[in-house]
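The values are calculated or read from the model by the stated rules, or taken from the named source; none is laboratory data. Every value quoted in this text rests on a predicted model; they were computed, and no experiment measured them. Positions of Cβ are generated from backbone atoms using ideal geometry, with glycine treated the same way; all protein chains shown enter the neighbour counts. Please note that ligands, DNA and RNA were not included when accessible areas were found on the heavy atoms of the full protein model with its side chains. Shrake-Rupley method; radii C 1.70, N 1.55, O 1.52, S 1.80 Å.
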Amino acid sequence: MQVGVDEDKCCGAGQCVMTAPEVFDQRDEDGIVVLLDSRPSEQLHEAVREAAEMCPAAAIELNQ
């Protein structure tokens, strides 16, 4: 799995961080998403998919 984020779309809701904190974080100054791991291990794939589905701004891109 390859993960990408579109910082321009991100609204700083933080759902991704709560769902997959090993893969996503937020900048302190504005809450915009920070991608920690663009190729997460297989054990994290389900959480990453859930984070992408929950993102209100559709800022997370997944390539299988």
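Its Cα centre serving as origin, the chain has a Cβ charge dipole (Lys and Arg +1, Asp and Glu -1) of approximately 140 debye. Using only the C-alpha atoms, the convex hull of the chain corresponds to 66 Å³ per residue.
Between the exposed loop cleavage positions of the chain, defined as GluC sites (Glu not before Pro) in a non-H, G, I, E, B DSSP state with at most 15 neighbouring beta-carbon atoms within 10 angstrom, the longest gap is 30-64.
Surface composition of the chain: carbon and sulfur atoms hold 42% of the protein heavy-atom accessible area at a 1.4 Å probe.
Rolling a 1.4 Å probe across the protein heavy atoms gives the chain an accessible surface of 62 Å² per residue.
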